[in-house]
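Asks: Got a structure for you, written out below as structure tokens; questions coming shortly.
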Amino acid sequence: MPTSRVLGYDAGMEPDIRRFASLADLSSAAAVAVAEVAKDAVHLRGRCSIVLSGGTTPKTLYHLLATAHRNDVNWARVHLFWGDERWVPADDPRSNVRMAREALIDHVHCPSEHVHPIPVHASSPDVAAREYARTLHTFFHAADARPDLVLLGMGRDGHTASLFPKSPALDEQRRWAVASFAPVEPRERVTLTMPSRNRARNVFLLVAGSDKQSAFAEATSGRADPHHCPVAMVQPADGALTWWVTPMP
Ligand code: 6PG
């Protein structure tokens with residue numbers, strides 16, 4: 001499989017952990033890998049679906065994809081989704097879609113109908129989650145249709161996307177997306193569920209920050225309590241999980 005060639009990883013093996021001296025180095029290497037995944041997906045299936053992460057860590061990666069690697073991706077064939085969204089207007093500075101638009105989407109030729117944000121104009125997070133689940137179901141309903149790449153971050157408490165420790169959303173097995181609560185502002189969120197993420201062909205977990213050592217150690221120990229360290233539940237069923245990390249003392 002081309003993705004195995006790119007990542008050197010087969011399902012069932014230990015996660016591939018890549019360590020970098022700085023966020024800049026991490027982002028450069030991840031940008032090359034994102035472009036490779038996109039190239040392979042377009043070559044094999046005619047399109048590439050990428051689920052974007054929020055948070056601050058992927059911003060440098062998005063910037064590199066919009067500049068140095070802009071011509072390495074056939075953006076006309078790329079579909080963009082989000083792994084989670086804060087329940088704020090799309091133009092709010094805390095919005096994940098706003099960050100991705102400013103760092104990436106506004107600078108590449110990705111057709112607007114290929115950009116699939118979580119509908120924060122809906123009447124509630126629950127309604128938005130149902131609407132987004134329909135969007136995802138429609139796009140990925142075919143048997144072999146699954147996200148080519150899911151980008152994720154991790155918080156120092158082991159949360160990923162908006163799946164926080166002890167959240168009931170962690171137990172959702174059926175739906176693509178649900179409303180969830182964060183212990184920090186903005187508290188109301190919409191998030192993809194774990195089974196949605198674990199359908200991915202590739203998951204890139206981007207982790208930068210010296211305060212994340214303990215969650216990283218737990219997540220990669222093979223003995224994590226998933227309700228205490230949700231990121232440990234990220235285990236693509238038939239895909240490749242790659243950790244991209246900066247030094248954690
Ligand atoms: C969000 C995220 C969240 C994020 C982590 C890491 O919307 O906040 O999706 O899960 O990825 O909190 O955030 P940093 O990259 O800012 O450390």
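The values are calculated or read from the model by the stated rules, or taken from the named source; none is laboratory data. Since the structure is predicted, the reported quantities are computational estimates derived from the model, not experimental observations. All Cβ positions, even for glycine, are placed from backbone atoms using ideal geometry, and neighbour counts span all protein chains on display. Heavy atoms of the whole protein, side chains included, go into the accessibility calculation; ligands, DNA and RNA do not. Shrake-Rupley method; radii C 1.70, N 1.55, O 1.52, S 1.80 Å.
Asks: Please report the antiparallel percentage of the DSSP beta bridges confined to the chain, to the nearest 5.
Replies: Around 30 percent of the beta bridges assigned by DSSP in the chain are antiparallel ones.
Asks: Using the Cα atoms of the chain, I'd like the radius of gyration and the largest Cα-Cα distance, Dmax, both in angstrom.
Replies: Calculated on Cα positions, Rg and Dmax stand at 16.5, 44 Å.
Asks: Given a 10 angstrom Cα cut-off, can you work out which residue in ARG18, ARG86, ARG174 is the most mobile in a GNM of the chain?
Replies: ARG174
Asks: Round to a whole angstrom and tell me the spacing of the C-alpha centers of the stretch 155-183 and the stretch 62-134.
Replies: Using only Cα atoms to place each centre, the spacing works out to 20 Å.
Asks: Quick check for you: with a 1.4 Å probe and neighbouring chains kept, what is the accessible area per residue of the chain, in Å²?
Replies: Accessible area per residue, the chain: 45 Å².
Asks: For the stretch 162-171, take each phi angle, set θ = phi - 60°, evaluate the Karplus expression 6.51 cos²θ - 1.76 cosθ + 1.60, and give the result in whole Hz per residue in order, putting x for glycine and proline.
Replies: Taking θ as phi minus 60°, the curve returns 10, 9, 9, x, 6, 6, x, 4, 5, 8 Hz for the stretch 162-171.
Asks: Within 10 Å, count the other beta carbons around each residue, average over each peptide in 19-32, 159-172, and list them highest first.
Replies: 159-172, 19-32
Asks: Per the helix-only calculation at 222 nm, which mean residue ellipticity applies to the chain, given -39500 (n - 2.57) for every DSSP H run of n ≥ 4 and division by its residues, nearest 500 deg cm²/dmol? Show your work: numbers first, answer last.
Replies: Details: 7 runs with 71 residues, N = 249.
Helices in the chain give a 222 nm mean residue ellipticity of -8500 deg cm²/dmol.
Asks: Take each complete run of DSSP H in the chain, measure how far its Cα atoms stretch along the helix's own axis, and keep only those covering 20 Å or more with mean Kyte-Doolittle hydropathy at least -1.0; list them.
Replies: On the way: long enough: 23-45 (32 Å, 0.82); 125-139 (21 Å, -0.49).
Helix filter hits for the chain: 23-45, 125-139.
Asks: I'd like to compare 92-105, 119-132: which one has the highest average count of other Cβ atoms within 10 Å, and what's the full order after that?
Replies: 92-105, 119-132
Asks: Using a 1.4 Å probe on the protein chains only, how many percent of the accessible area of the stretch 47-133 belongs to carbon and sulfur?
Replies: Carbon and sulfur atoms account for 49 percent of the accessible area of the stretch 47-133.
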